[in-house]
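Here is the structure we will look at.
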Amino acid sequence: MFDLDTIRKDFPVLQQKVHGKPLVYFDNGATTQKPRQVAQAINDYYEKKNSSIHRGVHFLSSQATIEYENARETVRNYISARDKAEVIFTSGATGSLNLLAFSFGEKFVKEGDEIIVTEMEHHANIVPWQLLCSRKKAILKVIPFNDTGDLEIEKLDELITEKTRLVSVIHTSNVLGTINPVEKIIEKAHNKNIPVCIDAAQSIQHMPIDVQKLDCDFLVFSAHKAYGPTGIGVFYGKEEYLKQLPPYQGGGDMVDKVSFETTTFNQLPFKFEAGTTNYIGAVGMAEGLKYIQSIGLNNIAKQEYELLTYAKRKFEAIGGITIYGNSATKTSILSFLIDGVHPLDAGMVFDKLGIAVRTGTHCAQPIMQHFGVDGMIRASLSFYNTKEEIDYLCRGIEQVKMMFT
Ligand code: PLP
C-alpha cells in the first residue's frame, strides 16, 4: 500500500514554509530528505548507546559493534551481496570511487593501461581515474552518449583493447536521468575478462539492485541520497578482488599485527575501514534502507515514473522548455532550460516561490559541454513529491517566462 499522506508525515522537513510559501523539495538527486525513523535512530544512538566499535570489551562497545555489523548485514541484504565481508563502509560514493581508483590502480594498472568511463559520469567517477592515470601514465577512454541521452554502447567494443583494466560506469545519470544498460556493459566487459564498477549513487534509491544477478565486480553509493545520513556510503566488491587489493588508508582497526618493521592487515571488510568509522552513520543508513524497503522499491519506481511522465507532459504543454535527457529508460530526473532564460535567474525565482531545484553543472561538466550549455535547471523527484507540486513548478515556469522573455 502506497499512502502518500502517511509517507509525507514521516518527513517533518517537508511541512515547513520557505519565504512564506510551502516548501516544494525537488532537489532529491543532490540529497534526499530523511524520514523521522532515521533521525530517531541516530538520536537514540547518541543518547543511549554511543560507544566506539570493535575495540572495547565493555557492554556499550559490544552493543555498538553488534549494531554496526547488523547495519552491514542490512546493506548486504539490500544489494543481495553474497557475504557481509564484501560490504565496506566508506564516507560515500566519492570515497568509494577514490578507494577503488587507488587500490585497484596500485594492484592492476601500469603505464599504457586503459580505464573506460562514460561521457555522462559525475565528476566523482572521472577525477579519481584521471588522478590514477596521471600517477601511472595510464589512459582514460570514454563511451559517448547521443543527443537523447543514451550511451552508444556499441562503441564499447572498439574502446576495449587488451590494455583495458576496468570499466566504471554510472548506472543512472544524475543529469539526464538515463538508466544505462549496465547488464549489457558488464556482459561485453566480462567477455574480455574485464571487471566493471557501477556507480549506483542515483539508482540505489529508485530500483532494486541485486549485485549477484547483475554480476558487477564493484558497486558504490551514498546513504544521504537514499534517505539516510551524510558522511556514510558503501563500497561493494567481489571478495576475489577485495582480497587482492591493497588497503587504501592505514590506521587503527585495519591491521592485524603492527611493528616498526612490518604490518599485516585485518581480514575483510576491516582491511578497508581504517580509523574510527562513522558507525552511527552506518546505523542511520541501515534505517534509511529499511525505510525504502518498507515502502517497496517497486511502489517507489511506479510512483516516481508517474510523477516523471506527468511532469514531462506538463512541460511539453507549456512549450519553450528544452529537456536534456529523453531516453526511453529514464528515472525521475528532469534537467531542462527555459528558452532565453539563464538557469540561475530561474532558480532564484523558484526559490522565492519556495521551490528547491538545483541549478548549475550538477558535477557533470562534460554533459554541459556535450550540449554546449553553461548549466541546467534540475528537478529531481522523489516518491514523496506530488502532482500538485509539479503543477506549482509549472506555474513558476510560466512566471519566469513572463519576467525574462
Ligand atoms: N555519482 C553520482 C551519479 C552522483 O549523483 C553523485 C552525487 O551527486 C556522486 C557520485 C557523488 O556522491 P557523494 O557526493 O555523496 O559522494
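Nothing in this text is a laboratory measurement; each read-out follows from the coordinates by a stated rule. All values derive from a computational prediction rather than experimental measurement. Every residue, glycine as well, gets a Cβ built from its backbone with ideal geometry; the counts of neighbours run over all protein chains shown.
Couple of notes before you dig in:
- A Gaussian network model of the chain, with springs between Cα atoms under 10 Å, assigns the largest mean-square fluctuation among SER380, SER134, SER327 to SER134.
- Crossing angle, helix 182-191 versus the chain [Cα axis fit, 0-90 degrees, rounded to tens]: 40
- Using the alpha-carbon positions of the stretch 209-361, Rg (one decimal) and Dmax (whole number) come out as 22.0, 71 Å.
- Mean Cβ neighbour count within 10 Å, used as a protection proxy, ranking 12-22, 63-73, 291-301 highest first: 63-73, 291-301, 12-22
- Gyration tensor verdict on the stretch 205-254 (Cα atoms; rounded if a/c is under 1.5, prolate if a/b is larger than b/c, oblate otherwise): oblate
- If the chain linking THR148 and LYS110 were pulled fully straight, counting 0.36 nm for each residue of separation and taking away their Cα-Cα distance, it would gain 10.1 nm.
- Calculated [222 nm] ellipticity per residue, helices only, for the chain: -12000 deg cm²/dmol; basis is -39500 (n - 2.57) per DSSP H run with n ≥ 4, divided by all residues, nearest 500.
- Using alpha-carbon coordinates, inclination of helix 343-352 to the longest axis of the chain, degrees: 80
- Relative to its Kirkwood radius, the Cα radius of gyration of the chain gives an Rg/Rh of 0.98.
- Computed E for GLN37/THR405 - FRET, C-beta separation, R0 51 angstrom, nearest 0.05: 0.70
- Among beta bridges that DSSP assigns inside the chain, antiparallel share in %, nearest 5: 60
- Positive-pole candidate from ALA189, PHE265, TYR45, dipole of the stretch 39-293, charges at beta carbon: PHE265
- Lys, Arg +1 and Asp, Glu -1 on Cβ, resulting dipole of the chain about Cα centre, debye, nearest 20: 580
- Based on C-alpha pairs under 8 angstrom that are at least 6 apart in sequence, the chain has a relative contact order of 23 percent.
- Three-way shape call for the stretch 30-181 based on the alpha-carbon gyration tensor, with the a/c threshold at 1.5: prolate
- Cβ-derived FRET efficiency at R0 22 Å, LYS213 paired with LYS49, nearest 0.05: 0.05
- Since only ALA301, THR32, GLN369 are under comparison, the one whose Cα sits farthest along the positive direction of the charge dipole of the chain, derived from C-beta charges on Lys, Arg, Asp and Glu, is THR32.
- Selected from GLN130, THR118, ALA282, residue furthest toward positive end of dipole (the stretch 39-293; charges at beta carbon): ALA282
- Beyond 19 Å in Cα-Cα separation lie the following of the pairs LYS352/LYS401; LYS330/LYS401; LYS9/LYS387; LYS136/LYS163: LYS330/LYS401.
- Label-point gap, in nm, between ASP351 and ASP253 - each point 7 angstrom along Cα→Cβ: 3.7
- Remark: the LEU140-GLU69 segment gains 21.9 nm on full extension, using 0.36 nm per residue and subtracting the alpha carbon distance.
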